[in-house]
Amino acid sequence: MPRVAVTGLGCISALGAGAAEFWQSLVAGRCGIRPLTHLPAGQLQISIGADVADYDATRHFEARRLAMLDRYSQFALVAAREAIASSGLDFANARNGAARRTAVILGTGIGGETTLDDAFYQLYAKGNPRVNPGVIPRMMASAATSHLTMEFGITGPAFTVTSACSSASHAIGQALWMLRQGAVDIVITGGSESCFTLGTIKAWEAMRVMAPDTCRPFSRDRRGMVLGEGAGVVVLERIERARERGAVIHAELAGAGISSDAGHLIQPSESGAAEALRAALDDAKLNPADIDYINAHGTGTAINDATESRALRQVFGPATPPVSSTKSMHGHALGASGALELIATVLAVRHGVIPPTANFTERDPECDIDCVPNEAREKPLRAALSNSFAFGGLNAVLAVRRVDP
């Protein structure tokens with residue numbers, strides 16, 4: 001079975017712009033959760049989030065182009081530029097034919113929410129009967145994918161995956177399988193999300209799953225999730241091709257497993273999560289004993305963290321490896337979460353460092369796992385998993401393996 005290498009990394013999140021700053025913040029246990037200053041705090045019960053602070057779109061895009069870019073598309077392009085540049089690939093050279101054999105597969109849970117929210121505000125609140133003709137192309141979930149293909153001239157397969165909080169992980173898994181099948185030579189994949197609007201926050205408040213203070217996954221006194229935003233993009237290619245061109249190989253994307261709970265739109269199932277974990281191990285030809293770290297879905301809600309802990313115990317038993325939730329630092333970026341967390345997992349395997357679960361206070365007997373509380377841990381990692389368990393019971397787990405020089 002062809003092996004697939006991760007040769008490019010790019011991201012933007014509440015922890016800053018760029019994969020290097022992202023990783024340094026994770027290792028330091030730096031939390032990107034802060035007050036949401038750009039929303040009317042008087043109308044919110046929950047006024048914190050992991051937003052991309054001090055983001056200036058004009059530093060990345062010309063004014064004419066910004067007119068057609070929702071914030072989530074901007075984030076996807078910023079992350080993709082870094083990932084492609086770090087991979088050393090050149091799509092501008094028509095003679096190498098790379099553009100025709102490259103796919104773009106991105107995930108998003110919502111798409112252009114900021115565009116839609118603004119359009120509705122203009123229509124309903126301000127009584128403007130005319131809607132900007134750019135609303136539809138800006139808001140559509142596939143917009144970021146299209147913009148990425150146009151910027152780099154990529155003419156291979158391109159599409160968007162949307163499966164709530166598992167969107168990016170599903171997209172990356174599909175990318176892996178397309179490369180194995182030989183359908184393409186390169187895939188630019190990941191996910192992007194930006195939904196810090198008044199309407200969206202109020203909708204999340206209504207579900208009563210939001211923490212008012214911070215995100216502390218697996219802690220006994222956890223109070224819920226904290227929304228985040230951003231994008232993560234990776235470049236994937238078959239490992240022999242990467243070696244032939246002298247690319248830096250960060251790690252191997254060794255497998256992917258997916259499942260559905262077929263049970264409930266909101267309440268997770270430990271059996272569904274366990275099935276995805278087993279499927280990822282099978283796809284990667286790994287045994288449970290080969291896994292040295294798991295980047296958890298770990299949202300910080302009472303039911304999710306306990307359910308995920310039971311699923312891990314179901315698959316790994318008493319030998320469950322160290323587990324951490326980086327959502328405690330970059331927040332829950334919904335459809336982008338799986339991409340950000342895959343990058344965290346790839347870098348953990350490459351550097352032999354497990355990022356911590358930040359904000360941890362006290363052990364919860366219902367979360368009987370080693371959650372690497374508050375401080376990073378140095379440990380050689382042979383292989384690791386990254387979990388994404390979405391509303392609707394849509395589960396995806398990615399397996400990463402170390403590649404020695």
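The values are calculated or read from the model by the stated rules, or taken from the named source; none is laboratory data. Keep in mind that what you see is a predicted model, and the values were worked out from it rather than measured. No Cβ is skipped: glycine too gets one built from the backbone with ideal geometry, and neighbour counts run over all protein chains shown.
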Any hit, region 142-161, residues being surrounded by fewer than 19 Cβ atoms within 10 Å (Cβ to Cβ), among the charged types (D, E, K, R) and at pLDDT below 95 = no
Which pairs do you get when a residue that is within 21 Å of Asp213 (Cβ to Cβ) and in the same structural domain as Ser13 (by TED's automatic domain parsing), found in region 44-57, comes within reach of a residue that is assigned to a helix (DSSP H, G or I) and of a type outside the set (Val, Ile, Thr), reach meaning Cβ atoms under 6 angstrom, with the pair 6+ apart or on two chains?
-> Gln45/Glu205; Ile46/Glu205; Ser47/Ala41; Ala50/His330
What residue, of Ala284, Ala289, Ala311, Ala336, is on the phi < 0 side of the Ramachandran plot and without any contact (Cβ under 8 Å) to a residue 40 or more places away in the chain?
-> Ala289
Boolean, Leu334 is aliphatic (A, V, I, L, M), within 27 Å of Val248 (Cβ to Cβ) and buried (at least 24 other Cβ atoms within 10 Å of the Cβ) = no
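Yes/no per residue for (1) under 25 Å from Pro373 (Cα atoms); (2) not in a helix (DSSP H, G or I):
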| site | (1), (2) |
| --- | --- |
| Ala20 | yes, no |
| Gln24 | yes, no |
| Gly32 | yes, yes |
| Leu39 | no, yes |
| Tyr55 | no, yes |
| Gln74 | no, no |
| Ala79 | no, no |
| Ala85 | no, no |
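Residue-wise test of (1) small (Gly, Ala, Ser); (2) in contact with a His (Cβ under 9 Å, 6 or more places away or on another chain).
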| residue | (1), (2) |
| --- | --- |
| Val6 | no, yes |
| Ala17 | yes, no |
| Arg34 | no, no |
| Ser47 | yes, no |
| Asp56 | no, no |
The number of residues in region 68-100 that are at pLDDT below 95 and either small (Gly, Ala, Ser) or in the same structural domain as Ala339 (by TED's automatic domain parsing) (or both) is 5
Those residues of region 240-251 which are in contact with a Lys or Arg (Cβ under 9 Å, 6 or more places away or on another chain) and either crowded, with 22+ Cβ neighbours inside 10 Å or of a type in the set (S, T, N, Q) (or both), in sequence order | His250, Ala251
Identify, please: which residue in region 95-141 is without any contact (Cβ under 8 Å) to a residue 12 or more places away in the chain and of a type in the set (A, V, I, L, M) and is, among those, surrounded by the fewest Cβ atoms within 10 Å (Cβ to Cβ)?
-> Ala125
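Could we say that Ala273 is surrounded by 21 or more Cβ atoms within 10 Å (Cβ to Cβ), within 25 Å of Val184 (Cβ to Cβ) and in contact (Cβ under 8 Å) with a residue 40 or more places away in the chain here? Outline the logic, then answer.
On the way: surrounded by 21 or more Cβ atoms within 10 Å (Cβ to Cβ): yes; within 25 Å of Val184 (Cβ to Cβ): no; in contact (Cβ under 8 Å) with a residue 40 or more places away in the chain: yes.
In short, no.
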Scope region 177-202; condition surrounded by 24 or more Cβ atoms within 10 Å (Cβ to Cβ), more than 30 Å from Ser47 (Cα to Cα) and in contact with a helix residue (DSSP H, G or I) (Cβ under 9 Å, 6 or more places away or on another chain); matching residues | Ile186, Val187, Ile188, Thr189
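More than 17 Å from Ala273 (Cα to Cα) and crowded, with 24+ Cβ neighbours inside 10 Å, is that true of Val323?
no
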Entirely in region 110-198, the helices (runs of 4 or more DSSP H) that have 1 or more residues that are polar (S, T, N, Q) = 113-120, 143-152, 167-181
